[in-house]
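Here is the structure we will look at.
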2 protein chains.
Amino acid sequence: MAAYFDAASAAPLHPVARQALLAALDEGWADPARLYREGRRARLLLDAARETVAEMVGCRADELVFTPSGTRSVHEGVAGALAGRRRVGRHMVVSAVEHSSVLHATTAENGGEVTEVGTDRAGRVGAEEFGAALRADTALACLQSANHEVGTVQPVAEVAELCRAAGVPLLVDAAQSLGWGPAPDGWSLLAASAHKWGGPAGVGLLAVRKGTRYSVRGPADERESGRAPGFENLPAIVAAAASLRAVRAEAAAEGARLSVLVERIRRRVPELVPDVEVVGDAVRRLPHIVTFSCLYVDGESLLHELDRAGFSVSSGSSCTSSTLTPSHVLKAMGVLSEGNVRVSLPPGTEAADVDRFLDVLPGIVRSVRERLGAPTPASAPTGNGGDEPALVVDSLGKRCPIPVIELAKVIGDVPVGAIVSVLSDDEAARLDIPAWCAMREQEYVAEHPAPRGSAYWVRRLG
Amino acid sequence: MAAYFDAASAAPLHPVARQALLAALDEGWADPARLYREGRRARLLLDAARETVAEMVGCRADELVFTPSGTRSVHEGVAGALAGRRRVGRHMVVSAVEHSSVLHATTAENGGEVTEVGTDRAGRVGAEEFGAALRADTALACLQSANHEVGTVQPVAEVAELCRAAGVPLLVDAAQSLGWGPAPDGWSLLAASAHKWGGPAGVGLLAVRKGTRYSVRGPADERESGRAPGFENLPAIVAAAASLRAVRAEAAAEGARLSVLVERIRRRVPELVPDVEVVGDAVRRLPHIVTFSCLYVDGESLLHELDRAGFSVSSGSSCTSSTLTPSHVLKAMGVLSEGNVRVSLPPGTEAADVDRFLDVLPGIVRSVRERLGAPTPASAPTGNGGDEPALVVDSLGKRCPIPVIELAKVIGDVPVGAIVSVLSDDEAARLDIPAWCAMREQEYVAEHPAPRGSAYWVRRLG
């Protein structure tokens, strides 16, 4: 039986959302701007949905508009906030692990300068470091409530307090967390997306606190207080509101239950599978997300084999992205990106499905490693190292995880203290060779430019 | 029993759309960008919907993207086409009767100069005049396939040919007509909206012909060829495609049937109601839209009374708009805007409902007129006119249709050839006083600036 473990991409439609959608298709298809009966009925539904969602967000109904998606909420929120603070400046502060919609929105701002604040190895932003990045000409700060790839919860309340003190508005991307509870107080703008909490596609939220300077860009339109042009996606908005209320009613119990299942995965995977790194904060995390990376495995094969075994998961490995670069989140965290798997459990996930996943995973990882010719432990030769490579591995033209596999195969061939140089033009190597060194307790020496790609120097320590 | 006559705002959901939506909620909720089974299934649905709609539009599937609404299609189409022609210039040519989304999109372009091409009294653009407005620095031309307020069909093929000759891309807003058939060939960009053809809310179309220069503005995003950011509104897209196919299969027969009903309204309303002007082209029109204006009536009361009688219609009268200005379409046509009613019949409208509408309309118009104290015909006094007003009517602070009613009441008090001056600060008077003169065969002399508002001079002819 198949199990869908990718709720962080899109949660299956909640039964309450389905019911509400059906009812609203009959009652809410007309234009809510019209004054005749069908229009008034649609307006009542729209107003009621806004009241419900505003209550769940923790804002006033007139601070909240519905957009077509979380991505559009972020794009428009960033643009509107920047336009509203035009006179202050165009500098922005964002965490390096924001969703791509935030990073794309901020880099799309012509002439805007963006400071990216890094994270620790668990993907958590330091509030102090974030605060220190705020400047007199900072127009906007953006921080997610929790990370979409590794589940780490961010210090929103602390950062909000620093932003408030600096007079900088804070946009919080609450897409991953809003189904579990409201974001901490202190945000100026908040964005979210209904299909993450079991609502239908086509509905995003954008809340703008009263008093936040905000200026709509783009063509004028009368819908949604002028902040989200176009005919309202009404039946879907009604369904989104109903399902948000429903998942919130279940959030405490279901969150506790899923958190136990996630904890089981966090604990068991490193026991069952050799050479695995579980990434993300073990404690300050969302209840339903866990991510790990498997050495000597390519993410694409792993996803394919897991899909064949009936498990739908996603990956931040480079080989699974259209750009062939590893996830910017894993990169910012400085963790292994190869063989990366994100498991995000939808509400209602059975413990038996998680156990079945833990049953099949070790065999799948093993078979992928065998196919790729991954190394097995070898005894160490003795001898003295030097300051020049004792051995050069040419991995040019080969993709993740091959360069790391080739390094691992030969490291035992050089004496302890000697250097192996890996030539690679694969973007993932820059992240994965140091990560392998950390996992294997070898010394990562340096990256040197090479005629093609780079030479990554690794000193054998044991 | 209630009858909904406002299909041009939003058509009720087609039964096929409802069925398709239900099926797609189960099969198409996952992220179509993912490679696991649920994602592949969603991708198949999205691809199939795109193929279907592309066939109905008359384009290739890879020329077509789905957006969240017709308004967004227009906004993004205009922005993308202009950005693609940055080097040519920023001049645009549009008809004066385009949908507000087009006019707002073009006027929102900083530094862009817009030439508005007028229409005849039937709301039809002259192709020659449109062609003459094209310049060497014209980046984009926009022409609707048919007008949304009066149903007049525009000469798209002729204008497209002139645009082609001038090397100017043409954006066709096909929102009102796509359910009835494809737009004439020759467009470079085409926009439409699913809820106009019985699809759900939340789905717009934007087609961009291969070879059209187009440059996406705003933040990068991988969805929909980079042209429409955000998670696809998938179940709704599937429903939109299914209903477009279904309404097209019925379009010829249903169009002919509704056209007869519209013809009945066009013919009977002036017979049943005194002082009515039916507006829009009598022949070159959409099958389901008819619009008329009633002298000495305010649109809001008329809509309210029709709603009480069970008829949902819309109006371009100033008193029904949030800005208290008459519809820019009626203004461009130079026709009466007071007491304006647009009837747009959804597919399946019964002849009996139209007959019932014709039954109740005369009594409703009469009662509104009585309440407003509208004039009844009077015999004409004799005498000579002059070049200065023989009588001044102070209608300052009074709204449409009061200034026209006050004019009509006193015109019989001055001799034939004499001038009545109406002082009014209501925007609608500028349109309605000349329109009244045309209907009553009086001479509209001129508008003169006054300390407040304007003085409208009317010479009694008979």
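The values are calculated or read from the model by the stated rules, or taken from the named source; none is laboratory data. Fair warning: this is a prediction, and the values are worked out from it, not measured in the lab. Neighbour counts are summed over all protein chains in view; Cβ atoms, including those assigned to glycine, are modelled from backbone coordinates with ideal geometry.
For the condition over 30 Å from B:Ser100 (Cα atoms), assigned by TED's automatic domain parsing to the domain that holds A:Ala133 and in contact with a strand residue (DSSP E or B) (Cβ under 6 Å, 6 or more places away or on another chain), what is the one hit in A:Ser243, A:Ser188?
After applying the criteria, what remains is A:Ser188.
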Keeping to region A:1-21, report how many residues are more than 7 Å from every other protein chain (Cβ to nearest Cβ), part of a loop (DSSP other than H, G, I, E, B) and of a type in the set (A, V, I, L, M, F, W, C). 5
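Listed here are the residues, each with its yes/no results for (1) under 18 Å from B:Ala24 (Cα atoms); (2) in the same structural domain as A:Phe66 (by TED's automatic domain parsing); (3) out of contact with any Pro (no Cβ under 8 Å at 6 or more places or on another chain).
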| position | (1), (2), (3) |
| --- | --- |
| A:Tyr4 | yes, no, no |
| A:Ser9 | yes, no, yes |
| A:Gln19 | yes, yes, yes |
| A:Leu22 | yes, yes, yes |
| A:Glu27 | no, yes, yes |
| A:Ala33 | no, yes, yes |
| A:Arg37 | no, yes, yes |
| A:Arg40 | no, yes, yes |
| A:Leu44 | no, yes, yes |
Based on this model, can you work out whether A:Glu263 counts as among the charged types (D, E, K, R) and outside any helix (DSSP H, G or I)? no
Residue in region B:47-63 that is among the hydroxyl-bearing types (Ser, Thr, Tyr), closer than 30 Å to B:Pro235 by Cβ and assigned to a loop (DSSP other than H, G, I, E, B) present: no
Counting only residues that are within 11 Å of chain A (Cβ to nearest Cβ) and either over 25 Å from the mean Cα position of the chain (by Cα) or of a type outside the set (Asp, Glu) (or both), region B:47-76 contains a total of 10
Over region B:22-46, the set of residues in a helix (DSSP H, G or I) and at the interface with chain A (Cβ under 7 Å from one of its Cβ atoms) is B:Leu25, B:Arg37, B:Glu38
Those residues of region A:160-177 which are in contact with a helix residue (DSSP H, G or I) (Cβ under 7 Å, 6 or more places away or on another chain) and more than 21 Å from A:Ala105 (Cα to Cα), in sequence order: A:Leu162
Candidates A:Ala33, A:Ala2, A:Ala10, filtered to the one that is of a type outside the set (Val, Ile, Thr) and either over 30 Å from the mean Cα position of the chain (by Cα) or within 14 Å of A:Leu244 (Cβ to Cβ) (or both): A:Ala33
Given the criterion within 34 Å of the chain's Cα centre (by Cα), of a type in the set (Gly, Ala, Ser) and within 21 Å of B:Asp275 (Cα to Cα), identify the matching residue among B:Ala450, B:Ala435. B:Ala435
Residue set B:Ala201, B:Ala253, B:Ala240; condition modelled with pLDDT of 95 or more and more than 14 Å from chain A (Cβ to nearest Cβ); output residue B:Ala253
Of the residues B:Ala108, B:Ala141, B:Ala133, B:Ala96, only one is under 30 Å from B:Leu431 (Cα atoms), at pLDDT below 95 and either among the small types (Gly, Ala, Ser) or touching a helix residue (DSSP H, G or I) at 6+ places or on another chain (Cβ under 7 Å) (or both); which? B:Ala108
Is there a residue being of a type in the set (D, E, K, R), free of Cβ contacts under 8 Å to residues at least 60 places away in the same chain and farther than 30 Å from A:Glu38 by Cβ anywhere in region A:250-259? yes
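Residues are listed down the side, and each one gets a yes or a no for (1) under 30 Å from B:Ala309 (Cβ atoms); (2) touching a Cys at 6+ places or on another chain (Cβ under 7 Å); (3) assigned to a loop (DSSP other than H, G, I, E, B):
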site	(1), (2), (3)
B:Ser337	yes, no, yes
B:Ile364	yes, no, no
B:Arg371	yes, no, no
B:Leu391	no, no, no
B:Pro434	no, no, no
B:Cys319 passes all but one of the listed conditions (1) more than 17 Å from A:Glu38 (Cβ to Cβ); (2) under 13 Å from the mean Cα position of the chain (by Cα); (3) within 14 Å of chain A (Cβ to nearest Cβ); (4) of a type outside the set (Ser, Thr, Tyr); the exception is number (2)
Filter result for A:Ala160 (in contact with a strand residue (DSSP E or B) (Cβ under 6 Å, 6 or more places away or on another chain) and outside any loop (DSSP other than H, G, I, E, B)): yes
Reported set for region A:271-311 where residues are surrounded by fewer than 19 Cβ atoms within 10 Å (Cβ to Cβ), away from chain B (no Cβ under 14 Å) and not in a loop (DSSP other than H, G, I, E, B) is A:Glu271, A:Leu272, A:Val278
Restricting attention to region B:185-236, and to residues there that are assigned to a helix (DSSP H, G or I) and among the charged types (D, E, K, R), which single residue is surrounded by the most Cβ atoms within 10 Å (Cβ to Cβ)? B:Lys196
Only residues that are buried (at least 19 other Cβ atoms within 10 Å of the Cβ) and of a type in the set (Lys, Arg): list them for region B:85-138, please. B:Arg85, B:Arg124
If you go through region B:316-324 one residue at a time, do you hit one that is closer than 26 Å to B:Val94 by Cα, assigned to a loop (DSSP other than H, G, I, E, B) and at pLDDT 95 or above? no
With the requirement that a residue be in contact with a helix residue (DSSP H, G or I) (Cβ under 8 Å, 6 or more places away or on another chain) and buried (at least 24 other Cβ atoms within 10 Å of the Cβ), what does region B:50-76 give you? B:Val53, B:Phe66, B:Thr67, B:Pro68, B:Gly70, B:Thr71, B:Val74, B:His75
